[in-house]
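Read-outs throughout are calculated quantities, based only on the coordinates presented, and are distinct from any laboratory measurement. Predicted model, so just to flag it, every value in this text is computed and none were measured. Please note: Cβ atoms are built from the backbone with ideal geometry, for glycine as well, and neighbour counts cover all protein chains shown.
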Amino acid sequence: MARHGQGYSRFQHGAHGILLELLQFVPSEDPIKISRLTLQNHSERSRRLSVTAYAEWVLGSSRSASAPYIITEVDSQTGALFARSAWGGEFGGRIAFADLAGRQISCTGDRTEFLGRNGTPERPAALERGGPLSGRVGAGLDPCAALQTSLELRPGARAEIVFFLGQMESREQVRELLGRYRAADLDGILRDVTARWDDVLGAVQITTPEPAMDALLNRWLLYQTLACHFWARAGLY
């Protein structure tokens, strides 16, 4: 099940006695995407689980054009996976990052290793094989970010894994940003996001003879215009 609200999306799924909820949002002021995965063990036995976060780097307007120039590394101070483009332009010199809030126990920056020759994101070869990821990073790879951690859930237990994805101008700025968000009150950040959207979307209200028209014009059309057209530049024209 998927539900979308003002500034956040929530996804829920249950299988084999494990209930999953993924909450995603972006803070109002910082270039970092927060994904909070909550796992609940509804079975009657302890479960040992692995969690893998995966992203494909673009750092440009076209992945096929920019991929040969992307260099990945594991940051020695934070353990996060960094990526930068050796190509100039808008993304040249900037540092993108992926991080499981410091809980990653293995990773790879090699998409070919993770997906496999005939693999897909739905059935990646690395998860079919099992075991830790190789830690392979550097230049000349088909670049990605795959980070893995593991946890044990007793019957009825609940746990949360947080995935950070974003970019900054330098390594020092990324380290400062991750330090703040690893220790941050993420519930408070989400409240700030929804409150700011309320301020924007509630500034102008109209009343017509049709309640459905009011609901559409008063919130969702403005939200769609700002989020899709102006900021993401991904809306239909």
I need Glu172, Glu113, Glu44 ordered by Cβ neighbour count within 10 Å, fewest first. Glu44, Glu172, Glu113
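Could you please report the charge total around Ser134, scoring K, R as +1 and D, E as -1 over all other residues with beta-carbon less than 13 angstrom from its beta-carbon?
+1
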Under the helix-only model (-39500 (n - 2.57) for each DSSP H run of 4 or more, divided by the residues of the chain), the mean residue ellipticity at 222 nm, to 500 deg cm²/dmol, is -5500 deg cm²/dmol
Between Met1 and Val200, take the C-beta separation as r, use R0 = 41 Å, and let me know the FRET efficiency to the nearest 0.05. 0.95
At 37 °C and 0.692 mPa s, the Stokes-Einstein diffusion coefficient in µm²/s for the chain, with hydrodynamic radius from the Kirkwood sum on alpha carbon pairs, is 165
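Over the chain, what is the relative contact order in whole percent, taking alpha-carbon pairs under 8 Å and six or more residues apart?
The value is 22 percent.
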Going by average Cβ density within 10 Å per residue, which order do the peptides 200-209, 97-106 take, highest to lowest? 97-106, 200-209
Give me Ser9, Ser35 sorted ascending by neighbouring Cβ count inside 10 Å, so fewest comes first. Ser9, Ser35
If r is the Cβ-Cβ distance from Leu186 to Arg233 and R0 is 41 Å, what FRET efficiency results, to the nearest 0.05? 0.90
Neighbour-limited loop hits for trypsin sites (Lys or Arg not before Pro), the stretch 136-237 (at most 10 other Cβ within 10 Å; DSSP other than H, G, I, E, B): Arg233
For Ser50, Ser76, what ranking results if the residue with the fewest other Cβ atoms within 10 Å of its Cβ goes first? Ser76, Ser50
Name the most mobile residue of Asp199, Asp75, Asp110, meaning the one with the largest mean-square fluctuation, in a Gaussian network model of the chain with Cα contacts below 10 Å. Asp199
